[in-house]
Each structure stands twice: as C-alpha cells, then as structure tokens.
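S.K.: This is the structure, below, for whatever I ask next.
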Amino acid sequence: MEKKVRIGIIGTGGIANAHMRPYTSFEDVEIVGACDIVPGKAREFLDKYDLKDAPAFESAAELVKNVRMDGVSVCAYNTAHAECTITALEAGIHVLCEKPMSFTIAEAADMVRASRKAKKILSIGFQPRYDYMRQRVDAIIQSGVLGKIYYIQSGGGRRRGIPSGTFVDAAKAGYGCLGDIGCYTIDECLHAVGYPKPLTVSAIATDYFGKNPKYWPEADTFNVDDFSVALVRMEGDVTYIFKQSWAMHSDSLGDTLWLGTEGGIKLTKGVDEHNKPSRYMYYTDVNGMHIDSVIEPSIPFNAYGPHPVKNVFEAKIRGFVDAVKTNGPAPIPGEEIIYNQAICDGIYRSSKLKREVEIVIPAI
Ligand SMILES: NC(=O)c1ccc[n+]([C@@H]2O[C@H](COP(=O)([O-])OP(=O)(O)OC[C@H]3O[C@@H](n4cnc5c(N)ncnc54)[C@H](O)[C@@H]3O)[C@@H](O)[C@H]2O)c1
C-alpha cells in the first residue's frame, strides 16, 4: 500500500478547517498532529475531526519535536507565519503557509532562506490560482498576445466587507484589508505577467469605515487599514496601480486592466450582493479596426489536473500534497510571493511615512 503523507496543522482557527476538510477526504493523507497557542484549542479541533489519537500541542516547536511529519499547514495569524514556518522548515518539514506570506519583507526573506537551506517546499496559500478562468486568462496574457505590457491596474473591492476577529487586530494581522484581500489582488495582477520586480511605491492607506461606529460595531478597537491605494513602479517600465477596500460608497473601485502595446484585457469583477458574475474582455486592433471580444470559458470546468477536486481550496491542498510526494517544486513558491510581500510591506511603510519609498528585497 502507498505510504500516506503525514500532515500537521499549526494554528487551529477558522481557515484550518478549509485545510482539514480536503486533507481528511484524501486517502493518501494522514493528519498526525496539531498545535495552537490557545490551551485546549488544538485538542478540540482534532477531536472534531474524530482524530482522538493524533496528539495536540501548544506550540509549533513542540509539534515538530514530538511528531514525525512530511508537511504542515501554517494557519496561524499573519504575524506568526514566519516563526511557525521557519520552525517547521528547520525540522525538515515541507510548509504550506496561508496568505499573506508574512507581515514584513524581512520575515518573508527569512522564510525563503529557511526553505532553501532545508531543501523543503515553501508554498503560499493563494487558492484563486486554481480558478479555471483565472488560469485561462493568465495563459492568454503569458502567450505574449498583448505585446509589451506597460500598465496594470487592480479593480473590484468590497462595498461593505470588514471582517472581525484577528483580521482587525494589528498585533495579529499586521495589515487590515491589504493583508486580507489586497495580497490576492496583487497576485491576480502580477502572477500573470511573471511578477516584475517592484522598485518603488507611493501609497495611502485609510481607516474611515473601520473607525466609524456607524459602519463598524467594534470601531473603538479597530486599528488596521480598510482601504489602500498605491502607485508601484516595477522593473521593465511597468506601472502598477493597486487599489483595495473592505468598505466604500461604491460597488467597485473600477476594472482590473492589463494594457499592452498590442492588446489589452479588462476584468470587470462581479458584485456578489447583486449576483453579478465577473467578465473578461480582450481588446485589440486589426488593420486599424477595433476588435472587442468577450473571453468565454470553452472547456468544461475541470481545472485541477489528475485528481478530481471540488473547488479551489481543495485544489490548493491537493497541489501541496502532490508536491510533498515529489519533494517539490512548490505550487506557489515563496520565492515568487516574496515580491507580493515586498509590495505589501512597501504600501504599509509608504502610507505610514506619507511619501514614496524604495522597495529593497533582502538577499535570499
Ligand atoms: N486562504 C484563505 O481564503 C484564507 C481565509 C481566511 C484566513 N486566511 C489566513 O489564514 C490565517 C489564519 O486566519 P484565521 O481566520 O484562521 O484566524 P484565526 O484567528 O481564526 O486562527 C488563527 C489561529 O492560529 C493560532 N495561533 C496564532 N499564533 C500561533 C502560533 N505561533 N502557533 C500556533 N498557533 C498559533 C491562534 O490561536 C488561532 O487559533 C491568516 O493568515 C489569514 O490571512 C486565509
């Protein structure tokens, strides 16, 4: 019989369930332990999945010391990602770390270095990478049909969508909206174009909704951003305009755009509350005529490779398990996402300093 992949869970809060559901449904995976700094929480979590024999601990260090594992999911809050990830990698364990990669760029660089030193996978949990339309549109952009891409802009945004709990506590989340959904936006815009190196950023972050009791019941303790906008200069003369919101008086911050010298793609994001689907358009010019095309999915929805899976969360976990079995490569490598983290870090610093800042990525 095939040897099962032995997996542990670090941090047993909300998102850990979106890891456990797929892990426990895969026949080739065994959950062998978990930890959480809140006493009793990891035990309760494992019991909920009927894993009474799997041991529970109160720190990542105890978990990796006492349990032999092939991989771990790091589902702790953002400011604990680096510490938990490095503890696992130094023990020779592959890591799937939730997004955002970390809080600071220095932490992200430490994580990549630890992964390289241990020769173990560091993959970051951006499940929209497995979305069918997203993959198809990435492929169109990567085909070169847009020519030289010189401008990228992120759109979408939430009208009312401030979360609660650790998401709005700076000590735990580091960032607010930026770390919750902003990092997804950055990945969506930049993965498609191969993550050009970010050079400088000029950003503004605000908290007008989170701090207003009219819009947010815990306004007195809210201490993170709920909106941010940035101009990022990137290598190769690529300009990136970033925008994201947890709350605003609009149903959108505009469209997502990739503009090239030969063509452009526009993504008009759907608005959930109006049940409006997202729509991708491709624009080009043939013999001086404007051609505007809707990009329609043409293949049945089965984007996840050899293992049939139900959704992007399951695909993310399947991708990690398969990578552990082959000792890599990481499906969503830390080496790539460090550029995403560098932009988040730059936006945070620039908005605090109220000026443009240089983005310096530490040697990894
Ligand atoms: N991929 C997604 O769609 C998605 C969705 C929600 C959250 N997340 C990410 O998942 C992470 C956790 O979010 P959540 O909503 O589950 O938060 P949560 O607060 O519900 O859970 C985090 C858990 O980690 C524990 N923890 C904190 N530090 C720890 C440490 N050093 N060692 C062990 N346990 C530790 C906390 O006690 C808590 O139980 C965040 O980084 C968040 O951005 C991702």
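The values are calculated or read from the model by the stated rules, or taken from the named source; none is laboratory data. For clarity, every value in this text was computed on a predicted model and none was experimentally measured. We place every Cβ from the backbone using ideal geometry, glycine too, and count neighbours over all the protein chains shown.
S.K.: Which of the residues that make up the range 219-250 are crowded, with 21+ Cβ neighbours inside 10 Å and part of a loop (DSSP other than H, G, I, E, B)?
M.R.: Of everything in the range 219-250, those that are crowded, with 21+ Cβ neighbours inside 10 Å and part of a loop (DSSP other than H, G, I, E, B) turn out to be Phe222, Val224, Asp225, Asp226, Trp246.
S.K.: Out of (1) touching an Asp or Glu at 6+ places or on another chain (Cβ under 8 Å); (2) surrounded by fewer than 19 Cβ atoms within 10 Å (Cβ to Cβ); (3) at pLDDT 95 or above, the odd one out for Ser164 is which?
M.R.: Failing condition for Ser164: (3).
S.K.: Could you check Asp47 against (1) closer than 22 Å to Ser164 by Cα; (2) more than 21 Å from the chain's Cα centre (by Cα); (3) surrounded by fewer than 20 Cβ atoms within 10 Å (Cβ to Cβ) and say which number it fails?
M.R.: Checking Asp47 against (1) closer than 22 Å to Ser164 by Cα; (2) more than 21 Å from the chain's Cα centre (by Cα); (3) surrounded by fewer than 20 Cβ atoms within 10 Å (Cβ to Cβ), the one that fails is (1).
S.K.: I'd like the full set of residues that are in contact with a helix residue (DSSP H, G or I) (Cβ under 6 Å, 6 or more places away or on another chain), of a type in the set (Asp, Glu) and either within 11 Å of the ligand (Cβ to nearest atom) or in a helix (DSSP H, G or I) (or both), limited to the range 128-182.
M.R.: Scanning the range 128-182 gives a single hit, Asp180.
S.K.: Looking at (1) assigned by TED's automatic domain parsing to the domain that holds Met234; (2) among the polar types (S, T, N, Q); (3) crowded, with 20+ Cβ neighbours inside 10 Å, which is the only condition Ser143 fails?
M.R.: (3)
S.K.: (1) away from the ligand (no atom under 13 Å from the Cβ); (2) over 18 Å from the mean Cα position of the chain (by Cα): which one isn't true of Ala56, the others all being true?
M.R.: (1)
S.K.: Next up: Go through the range 146-156 residue by residue and tally those that are modelled with pLDDT of 95 or more and either buried (at least 20 other Cβ atoms within 10 Å of the Cβ) or not assigned by TED's automatic domain parsing to the domain that holds Ile265 (or both).
M.R.: 4
S.K.: Inspect all residues belonging to the range 174-191 and state whether any of them is surrounded by fewer than 17 Cβ atoms within 10 Å (Cβ to Cβ) and not polar (S, T, N, Q). Step through it out loud before you land on a result.
M.R.: The initial filter retains those residues of the range 174-191 that are surrounded by fewer than 17 Cβ atoms within 10 Å (Cβ to Cβ), namely none.
Within the range 174-191 (the criterion being surrounded by fewer than 17 Cβ atoms within 10 Å (Cβ to Cβ) and not polar (S, T, N, Q)), the answer is no, since none of the residues qualifies.
S.K.: On the given criteria, is Ala118 among the small types (Gly, Ala, Ser), more than 30 Å from Tyr283 (Cβ to Cβ), outside the structural domain of Leu267 (by TED's automatic domain parsing) and within 15 Å of the ligand (Cβ to nearest atom)?
M.R.: Numbers: among the small types (Gly, Ala, Ser): yes; more than 30 Å from Tyr283 (Cβ to Cβ): yes; outside the structural domain of Leu267 (by TED's automatic domain parsing): yes; within 15 Å of the ligand (Cβ to nearest atom): no.
It is false that Ala118 is among the small types (Gly, Ala, Ser), more than 30 Å from Tyr283 (Cβ to Cβ), outside the structural domain of Leu267 (by TED's automatic domain parsing) and within 15 Å of the ligand (Cβ to nearest atom).
S.K.: Pick from the range 119-133 the residues that are touching a His at 6+ places or on another chain (Cβ under 9 Å) and basic (Lys, Arg): which of them is surrounded by the most Cβ atoms within 10 Å (Cβ to Cβ)?
M.R.: Among them, the one singled out is Lys120.
S.K.: If we scan the range 50-71, do we find a residue that is surrounded by 24 or more Cβ atoms within 10 Å (Cβ to Cβ), β-branched (Val, Ile, Thr), at pLDDT 95 or above and in contact with a helix residue (DSSP H, G or I) (Cβ under 8 Å, 6 or more places away or on another chain)?
M.R.: yes
S.K.: Just to check your reading of the model, which residue among Ala323, Ala342 is surrounded by fewer than 22 Cβ atoms within 10 Å (Cβ to Cβ) and assigned to a helix (DSSP H, G or I)?
M.R.: Ala323
S.K.: Among the numbered criteria (1) in contact with a strand residue (DSSP E or B) (Cβ under 6 Å, 6 or more places away or on another chain); (2) closer than 18 Å to Phe103 by Cβ, which single criterion is violated by Gly157?
M.R.: Every listed condition holds for Gly157 apart from (2).
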